[in-house]
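Beneath this line is the structure, given in structure tokens, with notes to follow.
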Amino acid sequence: DGGITQSPKYLFRKEGQNVTLSCEQNLNHDAMYWYRQDPGQGLRLIYYSQIVNDFQKGDIAEGYSVSREKKESFPLTVTSAQKNPTAFYLCASSIRFAGANVLTFGAGSRLTVL
Amino acid sequence: DQQVKQNSPSLSVQEGRISILNCDYTNSMFDYFLWYKKYPAEGPTFLISISSIKDKNEDGRFTVFLNKSAKHLSLHIVPSQPGDSAVYFCAAIGRGADGLTFGKGTHLIIQP
């Protein structure tokens, strides 16, 4: 079954620590995205990647970093510089970036900072 | 500034009746609109979409209407079923956009 796998599903972090959220897709999609969901805020774009070895900042990129070394993988690192990291993080992919496209989402990772 | 607005945070509808979820947008460059459904602790799943060249798209119990002059779209679910209880996100994309822009979501509650 093709899809997007995010891990871990739940993650706890102490203040000052960096954490990396994994996102793997086997859909052969070119574009991948990271969104953050907070209650009452909807989905906000953190970073996106149109193609391997390329990525762009979204609306709320500060305190986050990404890499896209392989087509299948788009890990997100939440750094200690992110002031409010507790949130539900969603990874998504689409066949291509431009034009009308449907995003396929992973099941999400919930990060809690203690 | 919010470019995609869902002004109703929640909506309660009786089972079997019609659910109407509304979405307004401000960016005239948007030319493709999507609705996603999300259950708690899960990723959103695609529901239905509409291109700006159409004013209606239907898929089973779900119909999306687009009024370009009013920059307004709505999702109709009829008849509403208990499994429809979820958060519904409106999303839009257009030329020059950095991916989809989402609304804040509407929590639909179907009452038995």
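Below 8 Å between Cα atoms, with a sequence gap of 6+, how large is the relative contact order for chain A in percent? Numbers along the way, then the final one.
On the way: 294 pairs, mean separation 40.1, N = 114.
Computed value for chain A: 35 percent relative contact order.
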> If you keep only loop residues by DSSP, which GluC sites (Glu not before Pro) in the range A:21-114 have at most 11 other Cβ atoms within 10 Å of their Cβ?
Replying inline: A:Glu62, A:Glu69
> Which length gain, in nm to one decimal place, applies between B:Thr45 and B:Ile109 when the Cα-Cα distance is subtracted from 0.36 nm times their residue separation?
Replying inline: 21.3 nm
> Distance in nm between label sites at B:Ser8 and B:Asn57, each 7 Å beyond Cα in the beta-carbon direction?
Replying inline: 2.1
> Using a basic spin-label model with each label point 7 Å from the Cα along Cα→Cβ, how many nm lie between A:Ile51 and B:Gln81?
Replying inline: 4.3
>> Test of understanding: in a Gaussian network model of chain A with alpha carbons linked when under 10 Å, which of A:Arg13, A:Arg44, A:Arg36 would top the mean-square fluctuation ranking?
In response: A:Arg13
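Among residues other than B:Ser28 whose Cβ falls under 11 Å from its Cβ, what is the net charge (Lys/Arg +1, Asp/Glu -1)? Could the numbers behind the result be given before it?
On the way: positive: B:Lys68, B:Lys71, B:Arg95; negative: B:Asp31.
My count for the surroundings of B:Ser28 gives +2.
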> What residue among A:Val102, A:Val52, A:Val19 shows peak mean-square fluctuation when chain A is described by a Gaussian network model with Cα springs under 10 Å?
Replying inline: A:Val102
> Counting DSSP beta bridges with both partners in chain A, what percentage is antiparallel, nearest 5?
Replying inline: 90
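Relative contact order of chain B, please, whole-number percent, based on alpha carbon pairs below 8 angstrom and at least 6 residues apart. Walk me through the numbers on the way to the answer.
Numbers: 271 pairs, mean separation 41.8, N = 112.
Result for chain B is 37 percent.
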>> I need the trypsin sites (Lys or Arg not before Pro) found in the range B:15-54, filtered to DSSP loop residues with at most 16 other beta carbons within 10 Å of theirs.
In response: B:Arg17, B:Lys54
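Can you tell me the relative contact order of the range B:3-49? Whole percent, Cα pairs under 8 Å, sequence separation 6 or more. Walk me through the intermediate numbers first.
Numbers: 38 pairs, mean separation 14.3, N = 47.
Relative contact order here is 30 percent.
To the nearest 20 Debye, how big is the dipole of the protein assembly as shown about its Cα centre, given +1 on the beta carbon of each Lys and Arg and -1 on that of each Asp and Glu? Provide the component values of the computation, followed by the final result.
Numbers: 23 positive and 20 negative charges, 49 e Å.
Once rounded to the nearest 20, the dipole reads 240 debye.
In terms of the Cα gyration tensor, with a ≥ b ≥ c the square roots of its eigenvalues, is the protein assembly as shown rounded because a/c is under 1.5, prolate because a/b exceeds b/c, or oblate? Numbers along the way, then the final one.
Working: a/c = 1.85, a/b = 1.46, b/c = 1.26.
Verdict is prolate for the protein assembly as shown.
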> At a probe size of 1.4 Å, how large is the accessible area of B:Thr101, to the nearest 10 Å²?
Replying inline: 40
>> What's the magnitude of the charge dipole for chain A around its Cα centre, counting Lys and Arg as +1 and Asp and Glu as -1 at the beta-carbon? Answer in Debye, nearest 20.
In response: 220
> Nearest 0.05, what FRET efficiency do A:Glu62 and A:Tyr10 give at R0 = 30 Å with Cβ-Cβ as r?
Replying inline: 0.80
> Once both labels are modelled 7 Å past Cα along the beta-carbon direction, what's the A:Ala107-A:Gln17 spacing in nm?
Replying inline: 2.2
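The values are calculated or read from the model by the stated rules, or taken from the named source; none is laboratory data. Just so you know, these numbers come straight off a predicted model, no measurement behind them. We place every Cβ from the backbone using ideal geometry, glycine too, and count neighbours over all the protein chains shown. Areas reflect the complete protein model, heavy atoms only, side chains present, ligands, DNA and RNA absent. Shrake-Rupley method; radii C 1.70, N 1.55, O 1.52, S 1.80 Å.
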